[in-house]
Amino acid sequence: MDAPTKITQLREALNYHIYRYYVLEQPTLSDGAYDALFDQLVALEAAHPDLVTADSPTQRVGGGVQDKFVKVTHPAPMLSLAKATEPAELIAWESRNRKLLPEDTLLDYIVEPKIDGLTVVLHYENGVFVQGATRGNGEIGEDITQNLRTLNAVPGRIPVDPDSDVPPPARLVVRGEAYFPLDKWAAFNDALAEAGEKTYMNPRNAASGSLRQLDSSITAARPLTLFVYDFVVADGIDIPTQADRLNYLRQIGFPVAADSQQCATIEDVIATYQAWLTKRNSINYEVDGLVIKINDQTIADRLGFTGKDPRGAVAMKFPAQEKTTKLLAADVNVGRTGTLAPLARLEPVELGGVIVRNATLHNYSEIANKDIRIGDTVIVKRAGDVIPYIVGPVPELRDGSEQIITPPAICPACGSPATQPEGEIAIYCDNAACPDQLVRRIEYFVGRTAMDIGGFGTKTGGILVENGLVSDIASIYTLDQQQDELLALEGFKAKKVDNLLTGIAASKAQPADRVLTAIGIRYVGGVIAKLLLAHVGSIDALGEQSADQLEAIDGVGPQIARSITTWFANERNRDLIARLKAADLQFTLYIPTSDLTNASLADRTFVITGTLPTLSRTAAKALIEQHGGKVTSAVSQKTDYLLAGEKAGSKRTKAEKLNIPILDEAALLTMIDERL
Ligand code: IVH
């Protein structure tokens, strides 16, 4: 047999056995026999280097080193899903859909695990894996082909079974989730810790971190794997149901979660969901919920979208996970606005696959209300991605040695006296020069939701402050005059300094609403920043508004207005603004008020009750309407959400009875923000 034929044969055989092992989990070859075939291929390829191809199993060991990831535009936007948390919302989802469909439409569903990993988009041309990308912002992702090639679960060529008679489509793009198997997770993280390397917060971060390595041999050394759940493009393939699409993907050799289930009715879906509440802890991957999809994709397509979410599918979140552990200490954390917040140090406890050591205690008044003491056995809860928090103590387990937690009298970072403004729950360090505050402000300023400065690593802010290179956020923009000082810092090589300065320079083009968000005025996040600029036009003009003028803007309550005027009244802040302006940051933004209306709350009906912390009722109504939602006065089956503040009375009781989700102001703002 000639070398090319032998090489092809070996590759086909090896790929098929990788597939049997990793995808089907039914190996038919011993490890020794596999290694023998592999070594033969390595030897043949070494003798014929011109015959080495990217899809050869020998290439799965990685080794290609890149200096950055190239951006890739997805063939279609990688959308997200509307979320539900209660079974009642599923029933409401179905009845909303039914109203849009001919009366006797048959609806059945596919219930899939919502895998908590990193979304990937895989491209095949004539059956060969040619490109793999991250989801990125949904439209543009990053090319991580070299890294994805190292995953044994990613077929290098389809169909994987050499005896298959299913021809591959000329072009196929599939979407899936790469994840870190849970049985390998703890040992992996421990090994990192032992080697003195940075550990990962959770399996999802480990998956994402591993796939974003510039050296693909690092990715290859990690046990990542994959599930695919849909195709984005499949030339000439017309498969109308999701059940058959999953079968097809499986048939051509992709790993598809075996845990998907077909349900004939929405009641079946709910029963499946109930069963998953226990099952979720016995599978080898993290799930943060289920994705419920209408099986018939022609119906799903006909239903279209609300805002950016397809109507034909919904993500049903699992409730938070709870455990008890001991509260060892309550440290004080200094926030970017000077808040001195209690931070719980816990006896490490495993919660949904993650070891929890810290939890937020929110504020001191909550500690007092719940009577949480050091030494207490406490209930810790983890809800999705958020930092775990303490639900409350278990007083029955006290032995008398527990200690009351008192609010700090001074800031632990700078020693300034702690203050508590009238009517506020939070305690603050008022020292504008407090080093911890400054570091937090910088972290926020350069972060993703604000100026999004690439090259500004998580530890960079602390190092720059500690070495006196940055004394406030505006001084970030004079760092280019301090190249020598930067290069003298430990670990700041020429390339790192260059990346940092390039990122800083590029951030000058960020629009004014990001600048306004980034300066970190209390209560002024992305949504409010846009709203304010739509009304006043520029950051300078904002500083000239009185509290009354600000409150006249729909969506701005007294607390926001006061926070803004107080901020601009401070000379130090005005000076900061002047210097940011001198650095050429964007200060003017004209958003026509009509453009603010995005349809993110379209089709959602709200009822408002009680007193909200910052928004007036009129303002809340305007905000909802501005995002396409509707506000009605009475709670009924038609109500999607109750927005409830303090002293909510009978409307709340009625909403609870009807299983209507109840939101507070913060949840509403997040909902809008997330969907912007
Ligand atoms: S379907 C139009 N199915 O969850 C959106 N998504 O918000 C189609 N995810 O980041 C998504 N498992 O990557 C779908 N079985 C599954 C999924 C799944 C995880 C992720 C997805 C996206 C998010 C959906």
Quiz item: lysines near Lys68 by alpha-carbon distance under 16 Å, same-chain residues fewer than 8 away left out - which ones?
Solution: Lys495, Lys496
Quiz prompt | Cβ-derived FRET efficiency at R0 51 Å, Asn499 paired with Ala271, nearest 0.05 | solution = 0.45
Self-check item: Full-extension gain in nm, Ala506 to Glu125, via 0.36 nm per residue minus C-alpha separation
Solution: 133.6 nm
Exercise. Give me the number: length gained by fully extending Ala221 to Thr324, i.e. 0.36 nm times residue separation minus the C-alpha to C-alpha distance, one decimal in nm.
Key: 33.6 nm
Exercise. First select every other residue whose beta carbon is under 11 angstrom from the beta carbon of Val291; then total the charges, Lys and Arg +1, Asp and Glu -1.
Key: 0
Quiz item: So how far apart, in nm, are the two label points at Asp238 and Ala409 if each is 7 Å from Cα heading toward Cβ?
Solution: 8.0
Quiz item: Over segment 512-559, what number does the Rg to Rh ratio reach, with both radii from the alpha-carbon atoms and Rh per Kirkwood?
Solution: 0.90
Quiz prompt | Computed Rg/Rh of the chain, alpha carbon atoms with Kirkwood Rh | solution = 0.98
Practice problem: Give me the number: length gained by fully extending Thr85 to Asn281, i.e. 0.36 nm times residue separation minus the C-alpha to C-alpha distance, one decimal in nm. | Solution: 68.7 nm
Self-check item: Rounded to whole Å, sorted largest first: equivalent-ellipsoid semi-axes of segment 233-389, Cα gyration tensor
Solution: 43, 18, 15
Quiz item: For the chain, what is the mean residue ellipticity at 222 nm derived from helices alone (per DSSP H run of n ≥ 4: -39500 (n - 2.57); sum divided by total residues; nearest 500 deg cm²/dmol)?
Solution: -10500 deg cm²/dmol
Quiz prompt | Per-selection Kirkwood Rh - segment 1-141 (Cα, Å, 1 d.p.) | solution = 19.9
Self-check item: Cβ-Cβ FRET estimate between Asp190 and Ser616, R0 fixed at 51 Å, reported to 0.05
Solution: 0.45
Quiz item: What translational diffusion coefficient, in µm²/s and rounded to a whole number, does the Stokes-Einstein relation yield for segment 485-534 at 37 °C and a viscosity of 0.692 mPa s, taking the hydrodynamic radius as the Kirkwood radius over Cα pairs?
Solution: 256
Quiz item: Among Lys83/Lys308; Lys83/Lys184; Lys621/Lys647; Lys530/Lys621; Lys99/Lys317; Lys184/Lys317, which pairs are too far apart, with a Cα-Cα distance over 20 Å?
Solution: Lys83/Lys184; Lys99/Lys317; Lys184/Lys317
Quiz prompt | All Cα pairs of segment 6-80, percent lying beyond 16 Å | solution = 61
Quiz item: For segment 79-120, what's the radius of gyration and Dmax over Cα atoms, in angstrom?
Solution: 13.2, 39
Exercise. Report, by chain and number, residues whose modeled amide H sits under 5 Å from the one on Gly289, excluding near sequence neighbours (fewer than 5 apart, same chain).
Key: Lys114, Phe318
Practice problem: Would you calculate the separation in nanometres between label points at Thr377 and Asp301, each defined as 7 Å from the Cα along the Cα-to-beta-carbon direction? | Solution: 5.7
Exercise. Please state, rounded to one decimal and in Å, the Kirkwood hydrodynamic radius that segment 90-237 gives when every pair of distinct Cα atoms enters the mean of 1/r.
Key: 17.5
Quiz prompt | Relative compactness, segment 404-491, computed as alpha-carbon Rg over 2.2 N^0.38 Å | solution = 1.30
Exercise. First select every other residue whose beta carbon is under 11 angstrom from the beta carbon of Pro558; then total the charges, Lys and Arg +1, Asp and Glu -1.
Key: -1
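Read-outs: derived from the displayed coordinates by stated rules, not from any lab. None of the values given here were measured: they were computed from a predicted structure. As a convention, Cβ positions derive from the backbone with ideal geometry for all residues, glycine included, and neighbour counts pool all protein chains shown.
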